[in-house]
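Here's the structure we're looking at; comments come further down.
The values are calculated or read from the model by the stated rules, or taken from the named source; none is laboratory data. What you see is a predicted model; the values in this text were computed from it and never measured. As a convention, Cβ positions derive from the backbone with ideal geometry for all residues, glycine included, and neighbour counts pool all protein chains shown. When the accessible area is computed, the model is the full protein with side chains, heavy atoms only, and any ligands, DNA or RNA have been set aside. Shrake-Rupley method; radii C 1.70, N 1.55, O 1.52, S 1.80 Å.
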Amino acid sequence: MNNRQTAKTDIELAKPRHAAHLADMSKRLIEHGLPWHCWTTKRMIKAIKRNDNVTIISCQGRQISGFAAMQFGDEIAHLNLLAVEIAQQRHGLASAMLQWLEESCLVAGIRSINLECRLSNRQAIGFYQKRGFQRGEEIRQYYCGSETALRMRKRLGKSSDE
């Protein structure tokens, strides 16, 4: 699963040369309004290079329209980042990237995906719920000691009692 083409985008593995662009997208689209910038270029490069992490980009031509970063454990994966440029939202790019990652999880034997998003981000919560993620616990002061996160989880494949 190195590359996948949808009707409007190509999905491919990110490379360290993409890190500054992805860090900027994270700052603008995910970390906006927070007093710090956690996903710096340096941290993004480390994530791209990690053996237990997959960072993908969604491209239209040479233009990066979106990206996602997921860390893989033995049975649980954690979606750290998922973002699509505002002008490209609601065109299926985020869904295509999430599907790519879910298929990778199934191949790797991962049983579930966890993530956190801002409790105030109703659009993101709705997006994930439509794709089978269940609401979990609320984590107070998760973002910069002031904003609440919602933990969400999706179970993949069939459970052992099915």
* Search result, residues across region 105-125 that are more than 20 Å from L34 (Cβ to Cβ) and of a type in the set (G, A, S) -> A108, G109, S112
* Qualifying positions in region 126-162 - crowded, with 16+ Cβ neighbours inside 10 Å and closer than 17 Å to G33 by Cβ -> Y142, Y143, E147, A149, L150
* Tally, over region 11-45, of residues that are of a type in the set (S, T, N, Q), in a helix (DSSP H, G or I) and open to solvent by 30 Å² or more (accessible area, probe 1.4 Å) -> 1
* S95 passes all but one of (1) more than 18 Å from I45 (Cα to Cα); (2) surrounded by 22 or more Cβ atoms within 10 Å (Cβ to Cβ); which number fails? -> (2)
* Asked: Does region 73-92 contain any residue that is under 18 Å from A23 (Cβ atoms), open to solvent by 50 Å² or more (accessible area, probe 1.4 Å) and without any contact (Cβ under 8 Å) to a residue 24 or more places away in the chain?
  -> no
* Candidates S95, S65 - the one that is polar (S, T, N, Q) and closer than 14 Å to M25 by Cβ -> S65
* Hey, could you check region 92-119 for residues that are of a type in the set (G, A, S) and in contact with a strand residue (DSSP E or B) (Cβ under 7 Å, 6 or more places away or on another chain) and say which is nearest to R153 (Cα to Cα)? => S112
* Structure fact -> Of the residues in region 105-125, those that are among the polar types (S, T, N, Q), at pLDDT 95 or above and open to solvent by 20 Å² or more (accessible area, probe 1.4 Å) come to N114
* Those residues of region 67-87 which are within 15 Å of F127 (Cα to Cα) and touching a strand residue (DSSP E or B) at 6+ places or on another chain (Cβ under 7 Å), in sequence order -> A68, L79, L81, L82, A83, V84
